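Beneath this line is the structure, given in structure tokens, with notes to follow.
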Amino acid sequence: MTMTDQVGLVIIATGVLFDLLGCIGMVRLPDVYNRLQAGTKCVTLGVCLILTGTAVMADATPIRLKAVLCALFVLITSPTAAHALARAARVSGIRLWEKSVADQFARSK
Amino acid sequence: MNVPRPSEGMSLIVRTVCGWVKGFILLYGIYIILYGHLTPGGGFSGGVIAAAAFVLILLAEGARSAEATFSRQAAASGDCLGVLAFLALALLGLLLAGTFFANFWTTDPAARFTLLSSGMIPFCNMGIGLKVCCSLYLVAVVLSGIRQLRFPQDTKGEPR
Amino acid sequence: MNRLILFVLLFLFWVVLTWTAVPPGPAYLQDVGAGLAAALLVTWAVGEKSGTRLAPWLQPQRYAWAIVYFFVLAVYVIKANLDVAYRVLHPAMPIRPGIVRVKTRLRQPAARAALGNSITLCPGTLAVDIHEDGTMMVHWIYVRSLDEAEAGRMIISRFEWFLEKILE
Amino acid sequence: MPQTAFALFTAVLLLCCVLCLYRIARGPTAPDRTVGIDILGTVVVGFCALLSLVTGKDYLMNVALVWALVSFIGTLALARRLEWQHDND
């Protein structure tokens, strides 16, 4: 087991750990917006770390390049999907958690 | 309340990100179609991905922008053209090599694992890909409930 | 101009996709030719005629700032994850959520989209909506200020400064 | 040693999938379920990457890319449907 393999394993382990944290947050937190926060942040970073670890550990160049491309794609699209979902939820009238302190939402146009 | 129409898009962030990624998705679909004989994939899956690019435009930028990018007329023509190209290749096989779907353009066996190493298969894949892309886009258009948006030749007033 | 930029980027993407494990031989010319044709087709199909100017793409300092921004963002993302981990694993769940309103001074759609995605990834905030005049609705997991200017200072100022240099 | 580590990673990712499925099955409102679907799609991308690393096949990275893409478009479609459903009622 070489040095790069060890580094890659550590990166992948961190990513998997963050994935798990995000999923726990998605189950524990009280309303859609909080769940979206925990889920999106942790799972995006987790998957990007898994893909980076794959790029570090893989022995074939195509796998590395595609892993980097995939990480970039997830990094761009995952927050966008979260934003679209949050907006759709708020527009369709899902209330915030009852202990929320503010709701200054106003619809555009 | 201001009712959004299907012809409008989603919020600014989604529209901008869609503008960034749509070309790459379409190119990725074409890559899957062209390399169908070397890697898993091929006409159908590549066509689905290419259609996904147009469906993304339909969702994020709205029906009007989708119509300007890829009109339903063009999609219908492409649909037919894909099938006809596929059939024409099959009939050419019948004419030139004696069997329906015969691979009449044989290439050098030494040049394996390159783009032009399998005769007519990539061209068949292109036909299937065009067909699948256009059909799935039309399916998405019909399902998205923008039937109110009329074809140019039968519209009387401003399209909804 | 817009189409030229798109074409170059698409062709680079194609080269990355068709990268082979072995050094490319003469058959690689087929791949390059197919890539040129496909990139042309895609540029024709989805490229927009107007919009982007070429000049900003040729200023190297923007790329330098983009790289710096990437690392700054990485630090914030890791902080955000530790923050979420703390809030999720704490038995009492110290959250105080709410949707607050902030105002950005960025004008370009690309800069606004990048700002929205950045604040979705940074600690405790999630972009919910953005209006024409630059008003953003942000869901904040632990609201510390309801004032528009102060919340703006806490949430978006740190990114605005970079994005103005990169994308405006 | 790497084999054990990969088995462990797979187990943890499966646990993540189960948590997402719990949210999809339980979630009181439609957006809750959609959040579950979105996160599940992103987790599966990581799964594909691990699989590609273990087997050394580069086409599994294609699967990961396509999965990320389709999950994104699916989430957008669901979000858009939620918006319309409210407005057309």
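Here are some conditions: (1) more than 9 Å from every other protein chain (Cβ to nearest Cβ); (2) without any contact (Cβ under 8 Å) to a residue 60 or more places away in the chain. C:Trp140 meets all but one. Which one does it not meet? Every listed condition holds for C:Trp140 apart from (1). Among the residues of segment A:63-73, are any hydrophobic (A, V, I, L, M, F, W, C), within 8 Å of chain C (Cβ to nearest Cβ) and over 23 Å from B:Cys18 (Cα atoms)? No: zero hits.
Given the residues D:Ala25, D:Ala7, which is the only one that is farther than 30 Å from B:Gly41 by Cβ, modelled with pLDDT of 90 or more and exposed (fewer than 15 other Cβ atoms within 10 Å of the Cβ)?
Values: D:Ala7 fails: farther than 30 Å from B:Gly41 by Cβ.
Just a single option satisfies the conditions, and that option is D:Ala25.
There is at least one residue in segment A:32-48 that is more than 7 Å from every other protein chain (Cβ to nearest Cβ) and closer than 21 Å to C:Val77 by Cα.
Kindly evaluate B:Val141 against the criterion of being out of contact with any Phe, Trp or Tyr (no Cβ under 8 Å at 6 or more places or on another chain) and modelled with pLDDT of 75 or more. Yes. Scanning segment C:78-132 for residues that are of a type in the set (S, T, N, Q), more than 7 Å from every other protein chain (Cβ to nearest Cβ) and outside any strand (DSSP E or B) yields C:Thr104, C:Gln108, C:Ser118.
How many of the residues making up segment D:10-22 are hydrophobic (A, V, I, L, M, F, W, C), surrounded by fewer than 21 Cβ atoms within 10 Å (Cβ to Cβ) and at the interface with chain A (Cβ under 7 Å from one of its Cβ atoms)? Qualifying residue count for the region: 2. Against the definition (more than 13 Å from the chain's Cα centre (by Cα) and small (Gly, Ala, Ser)), how does C:Gly116 come out, yes or no? Answer is no for this residue. Summed over segment A:30-66, residues that are more than 24 Å from A:Met3 (Cβ to Cβ) and either in contact with a strand residue (DSSP E or B) (Cβ under 7 Å, 6 or more places away or on another chain) or outside any helix (DSSP H, G or I) (or both) total 5. Does segment C:59-76 contain at least one residue that is out of contact with any Leu (no Cβ under 6 Å at 6 or more places or on another chain), at pLDDT 80 or above, closer than 30 Å to A:Cys23 by Cα and away from chain A (no Cβ under 14 Å)? Yes, there is a match, as at least one residue in segment C:59-76 is out of contact with any Leu (no Cβ under 6 Å at 6 or more places or on another chain), at pLDDT 80 or above, closer than 30 Å to A:Cys23 by Cα and away from chain A (no Cβ under 14 Å).
Taken over segment C:133-150, the criterion of being over 16 Å from C:Val84 (Cα atoms) and over 19 Å from the mean Cα position of the chain (by Cα) is satisfied by C:Asp133, C:Arg144, C:Ser145, C:Leu146, C:Asp147, C:Glu148, C:Ala149, C:Glu150.
Out of all the residues in segment C:23-33, is one or more of a type outside the set (D, E, K, R), over 16 Å from C:Ile141 (Cα atoms), in the same structural domain as C:Met136 (by TED's automatic domain parsing) and in a helix (DSSP H, G or I)? It would help to see each step written out before you state the result.
The first filter runs over segment C:23-33 and keeps only residues of a type outside the set (D, E, K, R), leaving C:23-30, C:32-33.
Checking which are over 16 Å from C:Ile141 (Cα atoms) leaves us with C:23-30, C:32-33.
Filter once more, so that each one left must be in the same structural domain as C:Met136 (by TED's automatic domain parsing): none.
Scanning segment C:23-33 turns up no residue that is of a type outside the set (D, E, K, R), over 16 Å from C:Ile141 (Cα atoms), in the same structural domain as C:Met136 (by TED's automatic domain parsing) and in a helix (DSSP H, G or I).
Is there a residue being farther than 30 Å from A:Ala89 by Cα, in contact with a Cys (Cβ under 8 Å, 6 or more places away or on another chain) and modelled with pLDDT of 80 or more anywhere in segment B:31-45? Checked segment B:31-45: at least one residue is farther than 30 Å from A:Ala89 by Cα, in contact with a Cys (Cβ under 8 Å, 6 or more places away or on another chain) and modelled with pLDDT of 80 or more.
Conditions (1) modelled with pLDDT under 90; (2) of a type in the set (D, E, K, R); (3) under 30 Å from D:Thr4 (Cα atoms), marked per residue:
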position	(1), (2), (3)
A:Val7	no, no, yes
A:Thr14	no, no, yes
A:Pro30	yes, no, no
A:Gln37	yes, no, no
A:Cys48	no, no, yes
A:Leu51	no, no, yes
A:Arg107	yes, yes, no
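Taking the residues in segment A:96-109 that are facing chain C (nearest Cβ under 7 Å) and aliphatic (A, V, I, L, M) as candidates, determine which candidate is surrounded by the most Cβ atoms within 10 Å (Cβ to Cβ). Working first, answer last.
The initial filter retains those residues of segment A:96-109 that are facing chain C (nearest Cβ under 7 Å), namely A:96-97, A:100-105, A:108.
From what's left, aliphatic (A, V, I, L, M): A:96, A:101-102.
Values: A:Leu96: 21, A:Val101: 14, A:Ala102: 17.
Among them, the one singled out is A:Leu96.
Just one of the listed residues (B:Ala63, B:Ala76, B:Ala88) is surrounded by fewer than 17 Cβ atoms within 10 Å (Cβ to Cβ) and touching a residue at least 60 places away in the same chain (Cβ under 8 Å), namely B:Ala76. Among the candidates C:Ala74, C:Ala113, C:Ala92, C:Ala85, the residue that is under 29 Å from A:Val27 (Cα atoms) and surrounded by fewer than 13 Cβ atoms within 10 Å (Cβ to Cβ) is uniquely C:Ala92. Of B:Gly23, B:Gly19, B:Gly47, all but one fail to be under 30 Å from D:Lys57 (Cα atoms) and at the interface with another protein chain (Cβ under 9 Å from one of its Cβ atoms); the exception is B:Gly23.
Results for (1) closer than 20 Å to C:Arg96 by Cβ; (2) surrounded by 24 or more Cβ atoms within 10 Å (Cβ to Cβ), shown as yes or no for each residue.
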{"residue": "A:Ile11", "(1), (2)": "no, no"}
{"residue": "A:Asp19", "(1), (2)": "no, yes"}
{"residue": "A:Gly25", "(1), (2)": "yes, yes"}
{"residue": "A:Leu29", "(1), (2)": "yes, no"}
{"residue": "A:Ala38", "(1), (2)": "yes, yes"}
{"residue": "A:Leu75", "(1), (2)": "no, no"}
{"residue": "A:Ser78", "(1), (2)": "no, yes"}
{"residue": "A:His83", "(1), (2)": "no, yes"}
{"residue": "A:Ile94", "(1), (2)": "yes, no"}
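Condition first: facing chain C (nearest Cβ under 9 Å) and under 16 Å from the mean Cα position of the chain (by Cα). Can you find one or more residues in segment B:65-79 that meet it? Yes: one or more hits. Within the bounds of segment A:9-29, is there any residue that is more than 10 Å from chain D (Cβ to nearest Cβ) and either part of a loop (DSSP other than H, G, I, E, B) or touching a strand residue (DSSP E or B) at 6+ places or on another chain (Cβ under 8 Å) (or both)? Yes, because at least one residue in segment A:9-29 is more than 10 Å from chain D (Cβ to nearest Cβ) and either part of a loop (DSSP other than H, G, I, E, B) or touching a strand residue (DSSP E or B) at 6+ places or on another chain (Cβ under 8 Å) (or both).
Quick one: is A:Leu51 closer than 25 Å to D:Ala77 by Cβ and either more than 16 Å from the chain's Cα centre (by Cα) or surrounded by fewer than 24 Cβ atoms within 10 Å (Cβ to Cβ) (or both)? Taking the combined requirement at face value, the residue does not satisfy it.
The values are calculated or read from the model by the stated rules, or taken from the named source; none is laboratory data. Small disclaimer: the values here were computed from a predicted structure and weren't measured. Every residue, glycine among them, receives a Cβ derived from its backbone with ideal geometry; neighbour counts consider all protein chains shown.
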